[in-house]
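Accompanying notes for the structure given below.
Readers should treat all values here as calculations from the given coordinates under stated rules, not as data from a laboratory. All of these numbers come straight from a predicted model, not from anything done at the bench. Reconstructed Cβ throughout: ideal geometry from the backbone, glycine too, with neighbour counts over all protein chains shown.
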Amino acid sequence: MKTKKRIVIVGMGFGGIRAANALAGKGHEIVLVDRNNYHLFQPLLYQVATAGLEQESIAYSVRAMARKWPGTRFHLSEVIGVDFARREVRTDNGSIPYDYLVIGAGSVTNHFGLHSVERYSFDLKELTDGERLRNHILTAFERAVNEPDPSRKRALMTFVIVGGGPTGVEFAGALIELVHFVLAKDYPELSTHAARVVLVEATDMLLAAMPEQLRTYTLKKLRSMSVEVLLNSRVVDAGPERVVMHDGAVIPAHTLFWSAGVKAAPLAATLGLPARPGGRIQPEPDLTLPNHPEVFVIGDMAYLEQDGAALPMTAPVAMQMGIYAGKAILAKEAGTQMPPFRYHDKGSMATIGRNAAVASAFGMNFRGYLAWLVWLLLHLYYLIGFRNRIVVMLNWVWYYWFHERQVRLITRREVEVDANRSGGI
Ligand SMILES: Cc1cc2nc3c(=O)[nH]c(=O)nc-3n(C[C@H](O)[C@H](O)[C@H](O)COP(=O)(O)OP(=O)(O)OC[C@H]3O[C@@H](n4cnc5c(N)ncnc54)[C@H](O)[C@@H]3O)c2cc1C
């Protein structure tokens, strides 16, 4: 008779929830562990930061998901290590024994050792990061209103974004539209067209993973929207009121946003396994750890090469790995074996602004309105929770028709945190 196994899944991100969904209701005990009690849809965080969405609309309660997954329970805990020999996950709430373990703790921002950048820049990783950045942006405009010095006023309205990948491009487009379409009306006393959004990219191209035709479209489109795109440029230093470039040039700016790279979540370094690029862990082709066929590593934490290149740290890779890990455990229990993991790339996309996006899928390239529509629909589809989908869609429709972003709120607590962080802007 089949024995009931305890399967612990660490991380309720894109990979973890897919693994749980594959395993639920199959007669095993599933223990979900995350330090947050929600799943976060990170790709829309930049819309929280640019006042387009409430943060609650891009997160979903893990317990609400677990209710629909028979045999599943949730532990709100920070995982601090794994004892592979004793088959125990160590958390800040005690240890959890496992028969199988799936680790998908994701990634954190990589500042590449630039301490001043780490200290003075913003990033988007956690749910609260979006609201913190929104508060900072709106506070900068409030301060600009009362700033008598024209150069400080301009610096308060200068936003430097580092990283020309999808996050940097999407944030730059959304921010310039916020300034030109919405804040221009909110702040009649400011010349908001003097505001600067500067996008800095180290290589000679934006959206490196996209075909050239779409990269060129993205560059032209952003420049036509008045985003200053600096290619072959790097930020090397930062302070509360300035950003220093690789050639010594200084951009007076009160806001630096960093989206130039990610590395494996700190949990990876505690596992005592060899680190691959970005501190990631390299599993076997079936996603298990060497000598531990009962432990799977998935998502951003996993370093896996396919056809000579490392798989990207993206949501589709994490989701496919999660589903695979779930099915592989069921196969092992049934006495069969899955073929090695293989990622099926269905394409990639990025939105630039109103009616403008780029998408590359099934060997075809799309840009402009059609790509933008597909981007909207796919993001709604992958967002978890019916209510979230409705709320997000309403916000988008409202913004599209009325040029208004509803969440233009500064929460007091975040203002204080912000002032402490930068010594006051
Ligand atoms: C701003 C932003 C925009 C993005 N845009 C896109 C996009 O447009 N398209 C795309 O494909 N990808 C995008 N990504 C990347 C995508 O979100 C990640 O590749 C994906 O989330 C990875 O999934 P994961 O399951 O590995 O980890 P995550 O989804 O990051 O989940 C990890 C989970 O582990 C939990 N956790 C971490 N450490 C611990 C611990 N020690 N103890 C307990 N729990 C822990 C976290 O709370 C989290 O819930 C974006 C990422 C960011 C940050």
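Bridging of residue 327 to lysines at a Cα separation below 18 Å is possible for 2, 4, 5, 26, once same-chain residues fewer than 8 apart are set aside.
Projecting the Cα atoms of 386, 319, 302 onto the charge dipole of the chain (Cβ charges, centred on the Cα centre) puts 386 farthest toward the positive pole. For 123, 237, 129, the sequence from fewest to most other C-beta atoms within 10 Å is 237, 129, 123. The magnitude of the dipole of the chain, with charges of +1 and -1 set on the Cβ of Lys/Arg and Asp/Glu and taken from the Cα centre, is near 1000 debye. Helix 412-422 sits at what angle to the longest principal axis of the chain, using alpha carbons and giving 0 to 90 degrees rounded to 10? Approximately 80 degrees, to the nearest ten. The slack between residue 152 and residue 250, meaning 0.36 nm per residue of separation minus the straight C-alpha distance, is 33.9 nm. Annotation for residue 284 and residue 184: the two label points, set 7 Å from Cα along the Cα-Cβ direction, are 6.0 nm apart.
Pair-distance distribution P(r) for the stretch 235-350, from all Cα-Cα distances in 5 Å bins starting at 0: 2, 10, 17, 17, 14, 11, 9, 8, 5, 4, 2, 1, 0 percent. Going by neighbour counts of Cβ atoms within 10 Å, the residues 122, 159 line up, fewest first, as 122, 159. Computed over the stretch 45-134, the P(r) tail beyond 15 angstrom holds 73 percent of alpha carbon pairs. Report note on the peptides 99-108, 136-145, 186-195, 291-300: ranked by the mean count of other C-beta atoms within 10 Å, highest first, their order is 99-108, 291-300, 136-145, 186-195. Which parts of the stretch 141-156 would a label at residue 194 reach, counting a residue when its backbone N lies under 13 Å from a point 7 Å out along Cα-to-Cβ? The answer is 144-156, whose backbone nitrogens lie closer than 13 Å to the label point.
Less than 13 Å from a label point 7 Å out along the Cα-to-Cβ axis of residue 203: which backbone N atoms in the stretch 241-267 qualify, by residue? Within reach of a label on residue 203: 261.
Rounded to the nearest 20, the size of the Cβ-charge dipole of the stretch 114-197 about its Cα centre is 220 debye, with Lys and Arg at +1 and Asp and Glu at -1. Simple point charges give the picture: +1 on the Cβ of Lys and Arg, -1 on the Cβ of Asp and Glu, and for the stretch 207-349 a dipole about the Cα centre of about 340 debye.
Across all C-alpha atoms in the stretch 126-252, the radius of gyration and Dmax reach 14.9, 46 Å. Starting from the Cα-Cα distance between residue 361 and residue 307, subtract it from 0.36 nm times their residue separation and give me the gain in nm to one decimal. So the chain would gain 17.6 nm between residue 361 and residue 307. Over all pairs of different C-alpha atoms, the stretch 279-425 has a mean inverse distance whose reciprocal, the Kirkwood radius, equals 19.1 Å.
A simple rule links phi to the HN-Hα coupling: the Karplus curve 6.51 cos²θ - 1.76 cosθ + 1.60 with θ = phi - 60°, which for the stretch 185-195 gives 7, 6, 10, x, 7, 10, 8, 5, 6, 7, 5 Hz, with x for Gly and Pro.
Sorted fewest first by neighbouring Cβ atoms within 10 angstrom, 379, 254 come out as 379, 254. When Rg and the Kirkwood radius Rh are both evaluated on Cα atoms of the chain, their ratio Rg/Rh stands at 0.98. At full extension, residue 270 and residue 128 could sit 48.6 nm farther apart than now, given 0.36 nm per residue minus the alpha carbon distance. Label zone of residue 331 (point 7 Å out along Cα→Cβ, amide N under 16 Å): in the stretch 302-321 this covers 320-321.
For the stretch 64-214, the calculated P(r) over all alpha carbon pairs, in 5 Å bins from 0 to the bin holding the longest distance, is 2, 7, 12, 14, 13, 11, 10, 9, 9, 7, 4, 2, 1, 0 percent. A protection proxy built from the mean count of other Cβ atoms within 10 Å ranks the segments 386-393, 213-220, most packed first, as 213-220, 386-393. Modelled label positions at residue 142 and residue 397, each set 7 Å beyond Cα in the direction of Cβ, lie 3.2 nm from each other. Once both labels are positioned 7 Å from their Cα atoms along Cα-to-Cβ, the gap between residue 410 and residue 212 label points is 4.7 nm.
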